[in-house]
1. What ranking, highest mean first, results for peptides 161-173, 8-20 when packing means the other Cβ atoms within 10 Å averaged over each residue?
2. For an R0 of 30 angstrom, estimate the FRET efficiency from the Cβ-Cβ distance between A185 and W93 and round to the nearest 0.05.
3. Distance between Cα centroids, region 182-213 to region 10-66: provide it in whole Å.
4. How far apart, in nanometres, would the label points at A164 and L19 be if each is projected 7 angstrom from Cα along the Cα-to-Cβ direction?
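Read-outs: derived from the displayed coordinates by stated rules, not from any lab. These numbers were taken from a predicted model, which means no experiment stands behind them. Because the Cβ atoms are built from the backbone with ideal geometry, glycine has one as well, and the counts that use them run over all protein chains shown.
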Amino acid sequence: MSDILPYLPQLVVGWTAYLIATASPGPAILAIIGTSISQGRKAGLALAFGVLTGSYVWAMLTASGLSALIRAYGQAIIVLKIAGGLYLLWLAWNALRSAMRSGEAYGARQALPVLSPRRQYLKGLGIHLTNPKAIFSWIMLTSLGMPAGAPPWTMAAFIAGCMALGLMTFIGFALLFSLGPVHRAYLRSRRLIEGAMAAFFALAGFKLLTARI
């Protein structure tokens, strides 16, 4: 335990930055909130675990020297950016269609089978894996949280701490927004909320497609 103490202050800075970035509104958080409210705890948790898995994948790739791969295969990032932008626009279209449904049409839609937990998990995974900004966020976080000259095991400690924080954050959002009172409030303001979600996903997709990476 004493071996980590000299590096702890900088690790805490990195963990704090990760927590702020993770809890801030973004496509992943908004998808978890929307899914938990409209489809319940099980669906929200499945999507949250998918997002967390995507975050872990980028973390491991970053720890394996992803920055060097980015310099060598820059075109792959452009392809990923386009895929991520189109995926967000697709989510925006789905949210807009749902917002345009009347109360009766929405009730009939809810009576249909919802996405399975496996498909919700894959949806969350897709949201994170097709977001190239997640790559650069991890590169920034590791440079912020990793002390110069630190032994390799500190990277494992840093990623483990981030994953624990991510688990608490994503699951916390899923559990909170799947509560009955929250769901009832959602039903009263459903069209407004889903319209806002559609606008957010559309803006995020447009910004991703037009951003210089």
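1. 161-173, 8-20
2. Details: r = 25 Å, r/R0 = 0.83.
Once the sixth-power term is evaluated, E becomes 0.75.
3. Cα centres, region 182-213 to region 10-66: 17 Å.
4. Output for this residue pair reads 1.1 nm.
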